[in-house]
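The values are calculated or read from the model by the stated rules, or taken from the named source; none is laboratory data. Model, not experiment: these values are computed from the prediction. Positions of Cβ are backbone-derived with ideal geometry, glycine not excepted, and every protein chain shown enters the neighbour counts. These area figures cover heavy atoms from the full protein model, side chains too; ligands, DNA and RNA do not enter into them. Shrake-Rupley method; radii C 1.70, N 1.55, O 1.52, S 1.80 Å.
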Amino acid sequence: MLIYFMRIITPLHLLFASIFLLILTLNILLNFQKFYDFKKDKIIQIKSEVLNIYPKNNYDVIKLKTSNFVYFTSTTKNHKFEKLDIIMATIYTQKISFYDYMKGFYTNNIFLENITYEKSFKQNMYGAIKLQHNNYLIKELFSALFLAVPISSDLRDITNTYGISHLLALSGFHLGLISFVSFWLVYFIYKPFHQKFVPYRNKKFDTLLISGLLILAYLIFTDIVPSLLRAFVMYCMGIYLLRNDIKIFSFLNLFIVVLLILAFFPKYLLSISLWFSIAGVFYILLYVKYYSKLNIYISFILFNFWIFFALN
């Protein structure tokens, strides 16, 4: 076995592995430094954004996000928090480990209070979506589809019942739609400019790059959702592979994408949504590997059944 690996491993593989390990180590150390600063005081006051609210019988559990970590805490029914609200929280840090810090943790609080703030573009969009619908489930549905706002347990139960919960998670399907629309919009806008000023350039390649920048802006706008990040990294790698005439559908390419994401975002190692997204791509590649020669019409039907049952 050792001899086999020595044969297939090249100096380029070793260089890539070394770079990956270096970036991963630096990012883990950076996160640990942030964790160390977080643990300096037993009680800290920190500005947080409300991601989700989980109603209980006598209290609510709220999911909060800061610039460095995600956490949960409890609040009384008297507090009228809403998703994407910015609040000031005073929380305990004593029993939180580095693993908890990276994964997301529950902690008690001393008090929580709303603060006055200038609403961001995302918060204004969320408010606009809420005003357009009366049914709260429809509000949550469109907020999840366009803004990646987490859904409530009620809507999650419905989507799980029908086996469509994966469709609400922003990932490759949504990125494909966004890239398709943005590509043709950019293409027709860029076409006259290209013909007049830069006719020597590859028009389609330039359009893909500009579309990629638009998708990157949307990725940042949605606070870098792990599954959408996976799709974006694969989009960038796909452009590179096409440009260099290298095979795209490959398990190795998927593995490289996973390594790149974990190197720059080590906390996503503990993200369930990322691993489900990767599993979805894995099953697509598995289908392509063994059934790509089937009749196109039969394959279209079988592929949809395959993905549906595989993801469920």
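Of the numbered criteria (1) open to solvent by 70 Å² or more (accessible area, probe 1.4 Å); (2) over 28 Å from LEU22 (Cβ atoms); (3) aliphatic (A, V, I, L, M), the one ILE272 fails is (2).
Give the residues of the stretch 148-170 that are in contact with a helix residue (DSSP H, G or I) (Cβ under 6 Å, 6 or more places away or on another chain) and either in a helix (DSSP H, G or I) or open to solvent by 20 Å² or more (accessible area, probe 1.4 Å) (or both), sorted by residue number. Of everything in the stretch 148-170, those that are in contact with a helix residue (DSSP H, G or I) (Cβ under 6 Å, 6 or more places away or on another chain) and either in a helix (DSSP H, G or I) or open to solvent by 20 Å² or more (accessible area, probe 1.4 Å) (or both) turn out to be LEU155, THR159, SER165, HIS166, LEU168, ALA169.
Of all the numbered requirements in (1) of a type outside the set (Lys, Arg); (2) touching a Gly at 6+ places or on another chain (Cβ under 9 Å); (3) assigned to a loop (DSSP other than H, G, I, E, B), GLN94 misses one, and that requirement is (2). Collect the residues in the stretch 97-126 that are open to solvent by less than 50 Å² (accessible area, probe 1.4 Å), free of Cβ contacts under 8 Å to residues at least 40 places away in the same chain and assigned to a helix (DSSP H, G or I), keeping them in residue-number order. ASP100, GLN123 - these are the residues of the stretch 97-126 that are open to solvent by less than 50 Å² (accessible area, probe 1.4 Å), free of Cβ contacts under 8 Å to residues at least 40 places away in the same chain and assigned to a helix (DSSP H, G or I). The residues listed here are LEU213, LEU208; of these, the one that is within 25 Å of ASN124 (Cβ to Cβ) and open to solvent by 40 Å² or more (accessible area, probe 1.4 Å) is LEU213.
Of all residue pairs spaced 6 or more apart or on separate chains, those with beta-carbon atoms under 9 Å, a first member in the stretch 138-153 that is closer than 13 Å to ALA128 by Cα and of a type in the set (D, E, K, R) and a second member that is open to solvent by less than 20 Å² (accessible area, probe 1.4 Å) and at pLDDT below 90 are GLU140/ILE151; GLU140/SER152; GLU140/LEU155.
Considering (1) without any contact (Cβ under 8 Å) to a residue 40 or more places away in the chain; (2) not in a loop (DSSP other than H, G, I, E, B), the lone condition that PRO199 does not fulfil carries the number (2).
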